[in-house]
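The structure appears below as structure tokens.
What follows is calculated from the coordinates using simple rules that are stated; it is not laboratory data. In this text, all values refer to a predicted model and were calculated from it rather than measured experimentally. Cβ placement follows ideal geometry from the backbone for every residue including glycine, while neighbour counts extend to all protein chains displayed.
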Amino acid sequence: MSSSLVDRVRERLAAETGPLRPSLVAEAIRAESGGILGDTEVLTNLRVLQTELTGAGPLEPLLRAPDVTDVLVVAPDSVWSDTGKGLRRSTVRFPDEGAVRRLAQRLALAAGRRLDDAQPWVDAVLPGLGGVAVRLHAVLPPVAAAGTCISLRVLRPATQTLAGLVRLGAVEPQAEQLLRDVVAARLAYLVSGGTGAGKTTLLAALLGAVEEAERIVCVEDAAELRPAHPHVVRLVARGANVEGTGEITLRQLVRQALRMRPDRIVVGEVRGAEVVDLLAALNTGHDGGAGTVHANSTAEVPARLEALAATGGLDRAALHSQLAAAVQVLLHVDRAGGRRCLAEVALLHRAGTQAHCEPVTVWHADTGFGCGRAKFQALLAARGVR
């Protein structure tokens, strides 16, 4: 099928307001080819156009694979995927750079965003792509010097339980009781880790261990948390539309969550000024709240929160004052040898009113119980948990 015929059919179908049914596409092919194509040629071209105009095109099979977490397009002949064991080059190929660009622009349009020379990048969530929600990031030349780059992160619902994580080896049996004690004592905690380390999975499992009578309000940038709990309210942020209006931020949703009679407030990923509102909420009688944050270790979490709080107008001293009163526990997950696992449980400790918060290890996957164990047990006892 010639590129000119593809372009003509695309232009004809662009005027359609309804779904692109196969019969409609076939009619457009016959009309634009002047009626000289036979049934076999029409069917062949129909398959080509369905790849061009619907779904994720040639990336669809990769996104539908059960273990894939990321699909990355670097060049027409360089497509990579990650199944949790590191990136591997796939056999998927695009005809040329133009095909990659068209796919990126179509996906952006499906998310209600624009992607062109005036706006050469996009960050959005695509609902229902490949059967699951997918986070899209794409960059066009000349910002992407070598050609259009597409990054797709598969947002599979986090539905795992603590017992399931123990069976999978992601949580050591020795640490399982520590996690259950954190939940039972209504200690506020943050799950830290790198990209794809399993922060959301662990958070969902912990929320599943909350008493059924409690009401959990989850605030997320993309709908990933699906804890096995009967009373969960999920609020999802929304980006601006093509006209640049209609944005709903995480910070706005955290404020709305406070008015919804929550027993526990959860922020799926703390990544900006919303950390100020979350800490304020945890300091106003909402025990047991939680969130996730990007960090390479528990030792880096305070500095990470300092940087995020600065965007919300909270200085370093005020941040540590709020943090000391709001969050008690840090849970760090890591990705080692292709396996996601809980690496450390730590307490946030502040030596004095002028000091900064520092993590003290309660348990570590490599060394077992640490010097923070006694303080952890004392904190549990003060909350009525033995």
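One table, with the values for the structure above:
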item: Rounded tilt (10° steps) of 39-53 against the dominant C-alpha axis of the chain; result: 30
item: Cα centre as origin, Lys/Arg/Asp/Glu Cβ charges: segment 55-155 dipole, Debye; result: 160
item: For segment 55-155: rounded, prolate or oblate by the Cα gyration tensor [a/c cutoff 1.5]; result: oblate
item: Candidates G291, G312, G208: whichever shows maximal mean-square fluctuation once the chain is modelled as a Gaussian network with Cα springs under 10 Å; result: G312
item: With Cα atoms, 0 to 90° folded angle of helix 301-310 axis to the chain main axis; result: 70
item: Cut-off under 5 Å, modelled amide H: who pairs with A133 long-range; result: G128, L155
item: Qualifying trypsin sites (Lys or Arg not before Pro) for segment 218-319 [loop in DSSP, other Cβ within 10 Å: at most 12]; result: R259
item: Local electrostatic count at A381 - Lys and Arg +1, Asp and Glu -1, tallied over other residues with Cβ under 12 Å; result: +2
item: Beta bridge orientation in the chain: antiparallel %, DSSP, nearest 5; result: 65
item: Sum of side-chain charges, G272 neighbourhood, beta-carbon under 10 Å (Lys, Arg +1; Asp, Glu -1); result: -1
item: Within the chain: Cβ-based charge dipole about Cα centre, in debye rounded to nearest 20 (Lys, Arg +1; Asp, Glu -1); result: 700
item: Potential extension, D366-L24 segment - 0.36 nm per residue separation minus Cα distance; result: 117.1 nm
item: Residue with peak Gaussian network fluctuation, the chain [Cα springs, cutoff 10 Å], from A185, A133, A65; result: A65
item: Ascending count of other beta-carbon atoms within 10 Å, so fewest first, for F369, F94; result: F369, F94
item: Loop-exposed GluC sites (Glu not before Pro) per DSSP, neighbour cap 13 Cβ within 10 angstrom, longest uninterrupted part of the chain; result: 17-210
item: Pairwise centroid distance, computed over Cα atoms, of segment 71-102 with segment 257-280, Å; result: 37
item: Most mobile of A273, A307, A144 in a GNM of the chain (Cα contacts under 10 Å); result: A144
item: Chain lengthening between A310 and R93 when straightened (0.36 nm per residue, less Cα-Cα); result: 73.8 nm
